[in-house]
Amino acid sequence: MATTTAALPDALGHFGPYGGRYVPEILVAPLDQLEAAYRQAQADPAFQAELDDLSQRFAGRPTPLYHAKRLSRHLGGADIYLKREDLLHTGAHKINNCLGQGLLVSRMGKKRIIAETGAGQHGVATAAACALFGFECIVYMGEEDMRRQSPNVFRMRLMGAEVVGVDAGSRTLKDAISEAMRDWVANFETTHYLLGSALGPHPYPMMVRDFHAVIGREARQQFQELTGGLPDILLACVGGGSNSIGLFHRFLGDESVKMVGVEAGGRGQALGDHAARFSGGSPGVLHGTYSYLLQDDDGQIALTHSVSAGLDYATVGPEHSWLHDQGRAEYVSCSDEDAVEAVKLLSRMEGIIPALESAHAVAEAVRRAPAAKGQKFLVNLSGRGDKDIGIFRETLPDLG
């Protein structure tokens with residue numbers, strides 16, 4: 001099972017029944033062009049060498065693996081290790097994919113880039129990559145997310161990006177993606193859509209996963225060097241699912257390693273109060289892909305909620321849906337309250353302030369660790385919490 005899973009997607013972009021390409025006919029040709037350019041780049045040592053050089057000298061790879069000793073002792077069970085993607089340039093794992101796609105677009109000869117963002121980290125990484133390569137940059141962002149993530153809006157604009165607010169629907173990530181796709185349909189001849197997660201129509205889930213697979217490759221080697229073995233459990237937050245699939249992919253063949261994805265449990269179990277697709281959703285089509293989806297009884301896309309803007313999304317990457325159905329990965333949810341408490345705990349135990357998205361994975365590690373004496377947990381710390389300071393002030397008023 002593990003070997004077959006690692007070899008997906010198939011030629012049409014399917015992970016079992018999930019994935020594929022559900023788009024207007026006008027986008028079929030640009031998607032074919034993108035897939036052909038990506039496969040050529042994949043096979044070109046010069047492309048890989050240039051990406052490796054940018055990843056090291058511009059983004060700051062490799063990121064360290066850190067043993068959270070005080071937190072582990074405090075919990076009295078498992079040893080917790082953190083993969084420090086938060087230390088990358090722009091503050092999160094998103095730069096891995098943006099450099100990869102940016103380098104690809106420079107080969108394709110397009111000069112206008114559009115992107116969407118929720119937490120703002122993909123938008124910031126896109127703006128940085130566009131400044132690096134000299135591209136025009138337009139980032140769509142829901143107005144609610146602009147309010148929650150105002151520091152990142154400023155950072156994008158400082159690097160020359162045009163940030164376009166979206167006031168439709170819930171004014172969050174789903175609506176930003178919808179607006180970006182409308183732009184792409186109208187301007188595909190001159191424009192590349194730099195999609196920020198491992199979802200959307202083929203080849204995006206495959207391509208974004210591959211650009212983030214460096215996380216798992218590094219982590220596996222580092223863990224073996226540091227501990228002499230492999231982790232018992234991988235934990236990572238899952239919105240669209242890019243940081244988690246990047247970590248998981250290199251471990252798919254290691255059947256002794258359990259994988260846990262942590263979704264946004266939000267403020268309750270009612271539809272509209274969370275973004276837990278696997279416990280509250282069912283398969284359907286959104287934004288060009290077939291995957292687990294939060295929808296009402298009439299098949300309408302449900303509103304979602306999370307304290308973390310990056311997890312506040314109605315669907316999930318199709319590879320995660322396949323891993324879920326195959327039982328290769330387990331998916332759980334974490335409430336807003338527990339995520340905020342995990343921010344406090346990690347900050348005070350280790351001097352590391354995680355992004356609210358990453359805090360969902362930290363919270364699940366904290367929940368499991370006391371009963372897992374002798375085990376080793378590897379948590380992907382996908383981003384840092386600078387962008388969330390405003391939300392921390394709202395949710396932790398006792399800190400002033």
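Just a few scattered comments:
- Just one residue in the set ALA264, ALA236 is part of a strand (DSSP E or B) and within 22 Å of ARG148 (Cα to Cα); that residue is ALA264.
- Residue in region 223-233 that is closer than 24 Å to HIS14 by Cβ and touching a Leu at 6+ places or on another chain (Cβ under 9 Å) present: no
- For the residues GLY91, GLY169, GLY142, the requirement of being under 26 Å from GLU394 (Cα atoms), small (Gly, Ala, Ser) and at pLDDT 95 or above singles out GLY91.
- Among residues of region 98-129, those that are closer than 18 Å to ASN152 by Cβ, among the small types (Gly, Ala, Ser) and part of a helix (DSSP H, G or I), counted: 5
- Filtering region 244-252 for residues that are in a helix (DSSP H, G or I), among the aromatic types (Phe, Trp, Tyr) and in contact with a strand residue (DSSP E or B) (Cβ under 7 Å, 6 or more places away or on another chain) leaves a non-empty set.
- Selected residue [of a type outside the set (A, V, I, L, M, F, W, C), closer than 17 Å to CYS237 by Cα, at pLDDT below 95 and crowded, with 24+ Cβ neighbours inside 10 Å] from GLY317, GLY383, GLY310: GLY310
- Criterion applied to ILE80, ILE114 was being buried (at least 20 other Cβ atoms within 10 Å of the Cβ), over 27 Å from GLN224 (Cα atoms) and out of contact with any Gly (no Cβ under 8 Å at 6 or more places or on another chain), and the one residue passing it is ILE114.
- Within region 320-358, restricting attention to residues that are among the β-branched types (Val, Ile, Thr) and in a helix (DSSP H, G or I), the residue that is surrounded by the most Cβ atoms within 10 Å (Cβ to Cβ) is VAL343.
- Among residues that are closer than 19 Å to ALA355 by Cα and at pLDDT below 95, ASN152 is included.
- The selection criterion, being more than 21 Å from VAL238 (Cα to Cα), assigned to a helix (DSSP H, G or I) and either among the small types (Gly, Ala, Ser) or touching a Gly at 6+ places or on another chain (Cβ under 9 Å) (or both), does not hold for ARG182.
The values are calculated or read from the model by the stated rules, or taken from the named source; none is laboratory data. Keep in mind the model is a prediction, meaning the values are calculated, not measured. Because the Cβ atoms are built from the backbone with ideal geometry, glycine has one as well, and the counts that use them run over all protein chains shown.
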